[in-house]
1. Test Ser198 against the stated conditions and say whether it is of a type in the set (Gly, Ala, Ser), under 21 Å from Ser258 (Cβ atoms) and either touching a Phe, Trp or Tyr at 6+ places or on another chain (Cβ under 9 Å) or outside the structural domain of Tyr243 (by TED's automatic domain parsing) (or both).
2. Check whether at least one residue in region 190-208 is of a type in the set (Asp, Glu) and modelled with pLDDT under 90, and report yes or no.
3. May I ask you to verify whether Gly330 is touching a helix residue (DSSP H, G or I) at 6+ places or on another chain (Cβ under 9 Å), assigned to a helix (DSSP H, G or I), modelled with pLDDT under 80 and surrounded by 15 or more Cβ atoms within 10 Å (Cβ to Cβ)?
4. Select, from Ser204, Ser222, Ser217, the only residue that is over 47 Å from the mean Cα position of the chain (by Cα) and surrounded by fewer than 19 Cβ atoms within 10 Å (Cβ to Cβ).
5. Which pairs do you get when a residue that is assigned by TED's automatic domain parsing to the domain that holds Ile195 and under 20 Å from Asn45 (Cβ atoms), found in region 210-229, comes within reach of a residue that is of a type in the set (S, T, N, Q) and in a strand (DSSP E or B), reach meaning Cβ atoms under 9 angstrom, with the pair 6+ apart or on two chains?
6. Taking only pairs six or more apart or across chains, which ones have beta-carbon atoms under 6 Å, a first residue in region 85-107 that is at negative phi, and a second residue that is of a type in the set (Ser, Thr, Tyr) and in a strand (DSSP E or B)?
7. With the condition kept exactly as written, say whether any residue in region 144-167 is touching a His at 6+ places or on another chain (Cβ under 6 Å) and surrounded by 15 or more Cβ atoms within 10 Å (Cβ to Cβ).
8. Quick one: in region 60-115, of everything that is among the aromatic types (Phe, Trp, Tyr) and out of contact with any helix residue (DSSP H, G or I) (no Cβ under 7 Å at 6 or more places or on another chain), which residue is surrounded by the fewest Cβ atoms within 10 Å (Cβ to Cβ)?
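The values are calculated or read from the model by the stated rules, or taken from the named source; none is laboratory data. What you see is a predicted model, and the numbers here were worked out from it, not measured in a lab. Glycine also receives a Cβ, built like all others from the backbone with ideal geometry; neighbour counts cover every protein chain displayed.
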Amino acid sequence: MYREFARKMIITTLLISFVPLSLLGYALYYNFAKAYHERIEQQINSRLRDCAQTLDIFLEERLVILSAIANMSTLEYYKNISHLQSLFQSINQKTGGDLIDLGVINSSGDHLAYIGPYNLKGLNYSQEAWFDQVMVKGVYISDVYMGYRKIPHFIIAVRASKNGTDWILRATIDLDILTRIISTAQMGKTGDAFIINSAGVYQSPSRFDKNKILTDSEIDSSMFGANITVVKRGDGPDKNLVYNGLWIRNGQWLLIVSQNTDEYLLSFSDMANEQLTLFFLAVLGIVITTVIATSISVNTLQSRDKEVAELNAHLIQTDKLAALGKMAAGVAHEINNPLGIISTKAGWMRDLLEEEEFKDSPNLEELISCIDKIEEHVQRAGKITHNMLGFARSMEPVMERIDINALLTKTTEFLNHHAQINNINIRLDYAQSLPEITSDRSQLQQVFLNILNNAIDAIEKEGDVIITTKLEHDTRKAKDKVVVEIKDTGIGIPDHIKKRIFDPFFTTKEKGKGTGLGLSISYRIIEKLGGTISVKSEKNRGSLFSIILPVTLSENDN
């Protein structure tokens with residue numbers, strides 16, 4: 001039944017899954033190229049943004065370092081060439097050697113001190129545009145220009161003021177370092193990255209033409225907004241050339257990453273093969289997942305059905321026990337009445353035999369023997385009816401504080417003589433400092449007597465009965481429980497009857513030696529007291545009865 005259900009479930013699930021999967025494959029086939037190009041564009045934009053941020057940080061760090069150093073001392077101090085040399089080396093150590101030279105210029109534009117590879121000392125910069133910018137704004141980062149060096153370079157200059165004297169500390173930045181930072185934004189074989197100024201002039205060399213610096217890029221910088229802007233070439237052989245641009249240095253420079261998207265076009269066959277492979281992998285994944293999920297679901301369903309069947313069997317057994325209890329109470333009541341009459345008459349008959357007229361009877365001994373037999377069997381029948389009434393009646397426990405160790409010791413005293421006669425050793429292994437529990441003393445003693453009697457009967461001759469107590473903490477219910485274990489070295493219980501030992505009137509003892517109610521009554525008592533009782537046993541290897549009792553009986557246990 002379950003196998004057929006699993007087969008139908010797998011087939012249905014696969015049919016339902018393949019329809020949307022086919023539609024998905026169809027959509028992927030036509031949208032893969034678009035998604036791929038979008039991903040490439042995102043990668044370009046990510047590199048562009050990271051490179052722009054790195055450039056901004058690079059320039060800002062140099063500007064801050066120069067400003068901090070310029071304001072640390074006076075013009076007279078930095079005019080000293082040894083001091084300026086020390087300053088130049090210190091800055092290059094901190095920045096990784098990206099300064100080409102360093103100079104000190106007074107407020108009149110005279111180059112008072114210089115450290116670097118060029119002969120610039122003594123030049124006057126008062127007519128240079130950057131000089132006025134520094135004196136007015138306090139800081140300045142120039143575009144790339146030729147200047148007195150006659151090679152492309154750019155400078156960072158800061159104004160310092162000490163003791164009423166203004167002066168300028170100016171540094172030339174190595175353009176190769178700037179170019180290396182820009183190159184990190186390049187992608188693939190056709191990707192390029194460079195900087196232009198607001199006029200569209202190259203401020204850094206192109207990857208494919210080093211001589212383009214300070215030439216017109218023919219790119220309209222006004223087309224690029226404040227955020228990342230994508231501009232397509234749109235004509236000629238470079239119709240698939242795309243410019244991604246982002247302004248840096250507060251709009252002074254435009255960082256551009258160019259890319260020919262043809263480089264990333266996949267051929268039709270490549271796309272088909274990739275999507276076909278993806279489709280079959282998805283089919284395989286669905287089949288495997290469906291089989292595994294169905295197997296798990298069916299196993300779970302089978303387990304739940306088994307639990308329901310066991311629960312139903314337990315409920316049926318409970319109903320049987322309830323009906324049997326009512327019947328047992330009725331039967332015991334009906335039997336007790338004639339047993340009482342028989343017992344009374346037997347006593348009367350014994351009294352008659354003591355009179356003179358019967359003492360000389362030749363059958364006196366036989367008559368007394370018969371009366372003894374009658375009273376013996378009346379007592380036996382009375383014991384059976386008493387057990388039946390105890391099983392049938394739901395007696396409310398009388399709760400009191402009990403020392404389990406002391407109760408067990410007292411209980412074993414009743415059995416010591418019988419055990420010693422049969423060479424059976426009762427050993428006690430108690431947990432120390434065991435807390436008292438709230439329970440019914442007499443009913444617990446009845447349970448312990450039943451189990452200990454059974455243990456001694458199972459051993460018959462020469463063996464051990466071991467009684468162990470310990471304290472356990474139930475983390476799920478956050479409460480302590482006392483555990484009593486009674487282990488014997490007797491004949492054990494076969495597996496096929498182990499589940500029946502708590503059933504009423506079930507016994508493995510010989511006819512006439514047991515009523516089959518002891519363990520059943522014990523089970524009901526422990527259950528009523530909020531505990532549990534269980535057994536582990538193997539044939540010819542003894543039995544272990546475990547009784548777990550709550551330290552304090554809660555309302556839920558009643």
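1. yes
2. Looking through region 190-208, none of the residues is of a type in the set (Asp, Glu) and modelled with pLDDT under 90.
3. In short, no.
4. The unique qualifying residue is Ser222.
5. Ser221/Asn197; Met223/Thr229; Ile228/Asn244; Thr229/Asn244
6. Ile100/Thr172; Asp101/Thr172; Gly103/Tyr114
7. No, region 144-167 contains no residue that is touching a His at 6+ places or on another chain (Cβ under 6 Å) and surrounded by 15 or more Cβ atoms within 10 Å (Cβ to Cβ).
8. Looking at residues that are among the aromatic types (Phe, Trp, Tyr) and out of contact with any helix residue (DSSP H, G or I) (no Cβ under 7 Å at 6 or more places or on another chain), I get Phe88.
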